[in-house]
1. Leaving out ligands, DNA and RNA, and with a 1.4 Å probe, what % of the accessible surface on the range 40-96 is carbon or sulfur?
2. Amide H to amide H under 5 Å from ASP111: which residues, 5+ apart in sequence or cross-chain, H placed 1.01 Å off N in plane?
3. Excluding residues fewer than 8 places away in the same chain, name every one of the lysines whose C-alpha is closer than 22 Å to that of LYS83.
4. Counting C-alpha atoms alone, how compact is the range 1-106: give Rg to one decimal and Dmax as a whole number, in angstrom.
5. For LYS151, give me every one of the lysines with a C-alpha distance below 25 angstrom, ignoring sequence neighbours fewer than eight places off in its own chain.
6. Quick check: residue separation of GLN45 and LYS151 times 0.36 nm, minus the Cα distance between them. What number comes out in nm?
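The values are calculated or read from the model by the stated rules, or taken from the named source; none is laboratory data. Since we're looking at a predicted model, the values are computed, not measured. Heavy atoms of the whole protein, side chains included, go into the accessibility calculation; ligands, DNA and RNA do not. Shrake-Rupley method; radii C 1.70, N 1.55, O 1.52, S 1.80 Å.
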Amino acid sequence: MADYVFISYAAADQATANRLVAEIEKREIPCWISSRNIRPGQDYQNAIVRALEGAGVVLLLFSQAANESAEIPKELALASKFKKTIIPARIMDIVPSGPFVYQMTTAQFIDLFRDFEAKVDELCSYLAETLQVTEVVRQRIARERHRRMTKRKLQRAGIGVLVLLVLAGVGFAMAPRVATWLAAREHPAVPSQSPSSSAPRQMALPALPV
């Protein structure tokens, strides 16, 4: 059994294809992708045919650009001729049309545009079964899941610490005002009185007749 995955994709999806190849190979599954594995000056069409013939499985990255491609149906036709398993992975939510309607009528898609990392694990499990390297890949997938969970926990912990620091900063800034308010409540100010108002008034006596 061949031990690599042939990546069939549209040129417009190069960035996504590169990202997916990196994730798959991180889980110990080698890939063949034309942008990397066809050397300068090499016969492109002959390289595609030889790579398809030697692949263990064909992974189709399905998108709007792939749906409109004239080359991808040729690759899938060759894959069928060589009796290769084809796994279609949608990278956007579209329905096949044109020649793909015939080729993908009964195919079960993997939707990578929903929870990409979790779906990559699922995809790699299928690829590993086909390539007969299940145990190695299962261990790698478990390590990747543990890494993601640890990363998420650290992110949540970091957010918690940030919130506490913000609250502490707000409390520190408000402390003088709170202290002043409490002091005012405990020792209310006595209104000041002027000397004229505080001294007792003397009543004027009527003049006595002489």
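1. Numbers: 1480 of 2900 Å².
Accessible surface attributable to carbon and sulfur in the range 40-96 totals 51 percent.
2. Distant-sequence amide H within range of ASP111: ARG90.
3. LYS74
4. 13.1, 38
5. Filter leaves LYS26, LYS119.
6. On the way: separation 106, 0.36 × 106 = 38.16 nm, distance 4.27 nm.
Stretched fully, the GLN45-LYS151 segment lengthens by 33.9 nm.
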